[in-house]
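Enquirer: What follows is a structure written as structure tokens; I'll ask about it next.
The values are calculated or read from the model by the stated rules, or taken from the named source; none is laboratory data. As the structure is a computational prediction, the values presented were derived from the model and not from experiment. Using ideal geometry, Cβ is built from the backbone for each residue, glycine included, and neighbour counts are taken over all protein chains shown. When the accessible area is computed, the model is the full protein with side chains, heavy atoms only, and any ligands, DNA or RNA have been set aside. Shrake-Rupley method; radii C 1.70, N 1.55, O 1.52, S 1.80 Å.
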Amino acid sequence: MKKKKRNFKEIIGSNKPTLVDFYADWCGPCKMMNPVLQQLAGELKGRVNIIKIDVDKNQHLAQKLNVRGVPTLIIYKKGKIVWRSSGVSTALQLKNILKQYYEEAV
């Protein structure tokens, strides 16, 4: 089943915080992030958006956002970058960081 393609700006412009994972298929640490992001998606369903962007297929966007290494995680709120990190993070670390952005709206 194919997901409806949404515009990147539309997704990150949401009131909900959006965690964007810039990854590459050949990247070992990126593969380690998959179960972490799946766990977060389940735990934070409805409170945050989580999307993955393949830097090899989206080189222009990766360059525009100055993504130099993968995985790079960026959290957007209302279209603005509110947090950014390169490397592997744990589910607990990400959950604690995201919490401050989705609780603002409550």
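Enquirer: Give me the one-decimal nm value for the distance between modelled label points at LYS52 and GLU103, 7 Å along each residue's Cα-to-Cβ direction.
Expert: Going by the 7 Å Cα→Cβ label model, 2.9 nm.
Enquirer: Something else now. Nearest 5 is fine: what % of DSSP beta bridges in the chain come out antiparallel, could you say?
Expert: Restricted to the chain, the bridges split so that about 65 percent are antiparallel.
Enquirer: Considering only C-alpha atoms, what is the centroid distance from segment 72-102 to segment 19-52, in Å?
Expert: Here the answer is 11 Å between Cα centres.
Enquirer: Shifting gears a bit: Along segment 76-83, what does the Karplus equation 6.51 cos²θ - 1.76 cosθ + 1.60 (θ = phi - 60°) give for ³J(HN,Hα), rounded to whole Hz, x for Gly and Pro?
Expert: With the stated coefficients, segment 76-83 comes to 10, 9, 6, x, 10, 6, 10, 7 Hz.
Enquirer: Determine how large the accessible area of ARG84 is when every protein chain is in place; take a 1.4 Å probe and give Å² rounded to the nearest 10.
Expert: Probe radius 1.4 Å; accessible area of ARG84 about 100 Å².
Enquirer: A further question on this structure: Residue by residue through segment 27-38, what is 3J(HN,Hα) from phi via Karplus (6.51 cos²θ - 1.76 cosθ + 1.60, θ = phi - 60°)? Round to whole Hz and write x for glycine and proline.
Expert: Per-residue couplings from phi come out as 8, x, x, 5, 5, 5, 6, 3, x, 5, 5, 5 Hz.
Enquirer: What figure in square angstrom, to the nearest 10, would you give for the accessible area of GLU10 with a 1.4 Å probe?
Expert: Its heavy atoms expose roughly 100 Å² to the probe.
Enquirer: How much accessible surface does VAL48 have with a 1.4 Å probe, in Å² rounded to 10?
Expert: 20
Enquirer: Could I ask something else about it? Nothing charged except the Cβ atoms of Lys and Arg (+1) and of Asp and Glu (-1): what's the magnitude of the dipole of the chain about its Cα centre? Round to the nearest 20 debye.
Expert: 400
Enquirer: Moving on. How many percent of the accessible area of the chain is carbon or sulfur, using a 1.4 Å probe?
Expert: The C+S portion of the solvent-accessible surface of the chain is 51 percent.
Enquirer: Using a probe radius of 1.4 Å on heavy atoms only, what accessible surface per residue do you get for the chain? Whole Å² is fine. Write out the running numbers ahead of the final one.
Expert: Values: 6810 Å² over 106 residues.
Here the per-residue accessible area is 64 Å².
Enquirer: Let me ask something else about it. Principal axis extents for segment 1-55, Cα atoms only, whole Å, descending order, please.
Expert: Computed over segment 1-55, the largest-to-smallest principal extents equal 32, 24, 23 Å.
Enquirer: Ok, one more. Express in nm, to one decimal, how much length is gained between ILE11 and LEU61 on full extension, taking 0.36 nm for each residue of separation and deducting their alpha carbon distance. Provide the component values of the computation, followed by the final result.
Expert: Values: separation 50, 0.36 × 50 = 18.00 nm, distance 1.43 nm.
This chain segment gains 16.6 nm when fully extended.
Enquirer: Could you work out Rg/(2.2 N^0.38 Å) for the chain, with Rg from alpha carbons only? Write down the numbers at each step before the final one.
Expert: Numbers: Rg = 13.1 Å, N = 106, 2.2 N^0.38 = 12.9 Å.
Cα Rg divided by the expected 2.2 N^0.38 Å: 1.01.
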